[in-house]
Amino acid sequence: MGQKLKVVETEKTKEDGNWFYSDVVKDHFFNPRNFLKDKNAVKDYDGYGDVGNVLCGDRMDMWIKVDKKTDKIIECKWLTWGCASAIASTSMLSEMITENSGMKIDDSLKIKPIDIIKRLGNLPKIKYHCSVLGDQALRTAIYDYFKRSKQHNRIKEGVQ
Amino acid sequence: MERIYMDYAATTYVDPEVKKEIDSYFTERFGNPGSFNYFGLEAKNAVNDARNRIAKILNADSDEVIFTGSGTESINLAIKGVARALKTKGNHIITQKTEHHAVIDTCKYLESNEGFEVTYLNVDKYGLINLDELKKVINKRTILISIMHANNEIGTVQPIKEIVKIAKKNNVIFHTDACQAAGYLELDVKRLGVDMMTINGSKLYAPKGIGLLYLKKGVPIEPILHGGGQEFGLRSGTENVPGIIGLAKAIEISERIKKTECKRLSKLRDMLINGLQGKIKNVMLNGHTKTRLPNNANLSFLGVEGESLLLHLNEEGICAATGSACTSRNLEASHVLLATGLKTEAAHGSIRFTLGRKTKEEDIKKVIRVMPKMVETLRMLSPIHVD
């Protein structure tokens, strides 16, 4: 749209991160991938997890479908209430998990917020903790899947 | 794409007439009003002339007009200056919960560092203080009351004249932050009855970096800046000559067109509020329906987060503001909206549109046209149900 403003950095903004979003973040925000379009379809999924609450300003719900033979996550749907980085980071996570015919559950449990942030081409640093909650929602959804599929031995207690 | 600016409460552009009047004071007439030479006298005359013109509009004496560097500075001078000057008389200050941070944080500073006690009055769901509560909390140690004329976020207008009556009856000095009120409401300090009033150029189509404090004669005050003794010893520092002249011109213009602008903007504001509430479900108006600034529309779009909505608006060329935590430096939702009893979720979903001189009916129509889709998109992504 029209002329685009370039972000001017100072030592301070390089350290703290500035308020503006990368093109990748904007792309995922304006064109979110894999969000749950049909809210009646939740019963078709193998695991569900949520994280955050509206008081903090962010909340995410996540649903996964697992291929039992390969132990891969083949579908990851989500809904997010929050700022642009919350929406974009959930969208990016869902893409990371399901690309290339899906990610092994054990590998997806290893995803950290910083992995998502890197794929987003960075985020304002102030947003790191409050808006990148997708990995927690995913872990909750995977543990829910373990419970439903009676794989209790795979649940690591106390892991947040 | 033409950009639509709806953030006039943040700042205004400089009126071309103002700019024209001050241009030569940057380059040719650049003297220091304190210099004893031709250039100094030229600058001093210009500053005095500006002071006289502003005093006339405020219905004050010219030595009751103190120029400062911003609204924030005027507020700091008014509150710290009077509190410190009267600390032997009392240590109690009264303000209210929806004040600008310039007032609240100054009061908090005096509380934690200088032994003052501050009462922050509650507001109702419209953002209005309760006069009975004010009467109740005034005590023998109360030395200062500071209540804003109109709120910067929700536009609620406080009953200043009523508040002044209570302050006078109790012999307490009264300051009002009129930064947002200045272009739209009463500026006559005699009719308002205030002892101190803050005005800021950057909200009034004057340049940024200029503010003023109306200070009634006889009000005890101490400076917060020390140095060359400019501004009757109350604000040391070389005068911002172009800013001062610009502020005078800007106040004259805004007084001249106040009536017609108020009428025009109120109509556009109502069109915007009604249009959005008519087209989109679950949209709440924040602030008062009647007692509000003509240029302020603050709405909460339930189930949606404000920063996300702001980004969508920005992409359509519409520039507004939000009370959501996600754009604040401390990641806290607007203290103003929370003070009115709004739920955190609704505060996060608030958008503030503030209109101004360049706002046209087409701009309002465009916002009403493009917003339903944005809200629908974000609600589709949201796990929160508002129906």
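Bear in mind these aren't lab numbers, they're just calculated from the coordinates by the rules spelled out. If you're wondering where the values come from, they're calculated on a predicted model, not measured in any experiment. When we count neighbours, we look across all protein chains shown, and the Cβ atoms used for this are built from the backbone with ideal geometry, even at glycine.
Taking θ as phi - 60° and the Karplus parameters 6.51, -1.76 and 1.60, the scalar couplings of the stretch A:80-97 work out to 9, 10, x, 6, 4, 6, 5, 5, 5, 6, 5, 4, 5, 4, 4, 6, 4, 6 Hz in sequence order, x denoting glycine and proline. Take B:Thr27, B:Thr359, A:Thr90 and order them by how many other Cβ atoms sit within 10 Å, fewest up front. The order, fewest Cβ neighbours first, is B:Thr27, B:Thr359, A:Thr90. Residues A:Cys76, B:Cys262, arranged from fewest to most other Cβ atoms within 10 angstrom of their Cβ, appear as B:Cys262, A:Cys76.
Normalised radius of gyration for the stretch A:53-160, please: alpha carbon Rg relative to 2.2 N^0.38 Å, two decimal places. Each step should come with its number before you reach the end.
Working: Rg = 13.7 Å, N = 108, 2.2 N^0.38 = 13.0 Å.
The stretch A:53-160 yields a ratio of 1.05.
Among B:His175, B:His92, the order by Cβ neighbours within 10 angstrom, fewest to most, reads B:His92, B:His175.
Its relative contact order, with pairs defined as Cα atoms under 8 Å and 6+ residues apart, puts chain B at 22 percent. Each residue of the stretch B:192-204 was assigned a 3J(HN,Hα) from its phi angle through the Karplus curve 6.51 cos²θ - 1.76 cosθ + 1.60 (θ = phi - 60°); the sequence is 6, x, 6, 8, 9, 8, 9, 10, 9, x, 6, 9, 10 Hz, with glycine and proline shown as x.
For the stretch A:87-151, the number of Lys pairs separated by eight or more positions or lying on different chains, with C-alpha atoms closer than 29 Å, is 15.
Other protein chain C-beta atoms within 10 Å of residue C-beta, averaged over B:306-319: 3. Computed from backbone phi, the HN-Hα couplings of the stretch B:346-363 come to 5, 5, 4, x, 8, 10, 9, 9, 10, 8, x, 4, 8, 5, 10, 4, 4, 4 Hz, rounded to whole numbers (Karplus: 6.51 cos²θ - 1.76 cosθ + 1.60, θ = phi - 60°; Gly and Pro given as x). Projection of the Cα convex hull of the stretch B:145-272, averaged over all directions and equal to a quarter of that hull's surface, yields 8.8 nm². Of all DSSP beta bridges confined to the protein assembly as shown, the antiparallel ones make up roughly 70%.
About its Cα centre, the dipole of the stretch B:240-387 is roughly 740 debye, where the only charges are +1 on Lys and Arg Cβ and -1 on Asp and Glu Cβ. When the stretch A:23-160 is described by a simple charge dipole with +1 on each Lys and Arg Cβ and -1 on each Asp and Glu Cβ, the residue from A:Ile105, A:Ala88, A:Ile155 located farthest towards its positive end is A:Ile155.
Amide H contacts of B:Glu117: B:His92, B:Ile93, each under 5 Å away and 5 or more positions distant or on a separate chain (H built 1.01 Å from N in the peptide plane; Pro and chain starts excluded).
Built from the Cα atoms of chain B, the convex hull projects on average onto 19.7 nm², one quarter of its surface area. A convex hull fitted to the Cα coordinates of the protein assembly as shown yields 175 cubic angstrom per residue. Placing +1 on the Cβ of every Lys and Arg and -1 on the Cβ of every Asp and Glu, with no other charges, gives the stretch B:86-184 a dipole of roughly 520 debye about its Cα centre. Measuring nothing but how far apart in sequence close Cα pairs (under 8 Å, 6+ apart) lie, relative to its length, chain A scores a relative contact order of 28 percent. Peptide B:379-386 shows a mean partner chain C-beta count of 6 within 10 Å per residue C-beta.
Taking amide H atoms as placed 1.01 Å from N in the peptide plane, the amide H of B:Leu302 lies under 5 Å from those of B:Met284, each 5 or more residues away in sequence or on another chain.
Out of the trypsin sites (Lys or Arg not before Pro) in the stretch A:18-124, which ones are loop residues according to DSSP with at most 13 other C-beta atoms within 10 Å? When the trypsin sites (Lys or Arg not before Pro) of the stretch A:18-124 are filtered for loop state and at most 13 Cβ neighbours within 10 Å, A:Lys37, A:Lys68, A:Lys69, A:Lys110 remain. The relative contact order of the stretch B:61-203 comes to 24 percent, based on Cα pairs under 8 Å that sit 6 or more residues apart.
Extension gain for B:Asn59 to B:Tyr109 (0.36 nm times residue separation, less C-alpha to C-alpha distance): 14.7 nm. Partner lysines whose Cα lies under 20 Å from the Cα of B:Lys20, excluding those fewer than 8 positions away in the same chain, are identified as B:Lys44, B:Lys203, B:Lys208, B:Lys249, B:Lys358.
Where does the protein assembly as shown land at 222 nm, in deg cm²/dmol rounded to the nearest 500, when only DSSP H runs of n ≥ 4 count, each adding -39500 (n - 2.57), divided by all residues?
Value at 222 nm, helices only: -12000 deg cm²/dmol.
Amide H contacts of A:Met103: A:Ile73, each under 5 Å away and 5 or more positions distant or on a separate chain (H built 1.01 Å from N in the peptide plane; Pro and chain starts excluded).
Less than 15 Å Cβ to Cβ from B:Ile4, Lys/Arg counted +1 and Asp/Glu -1: what total charge do the surrounding residues give?
After counting each charged neighbour, the total is +2.
Going by a ≥ b ≥ c, the root eigenvalues of the Cα gyration tensor, does the stretch B:194-234 fall in the rounded group (a/c under 1.5), the prolate group (a/b larger than b/c) or the oblate group? It is oblate, given that a/c is not under 1.5 and a/b is not larger than b/c.
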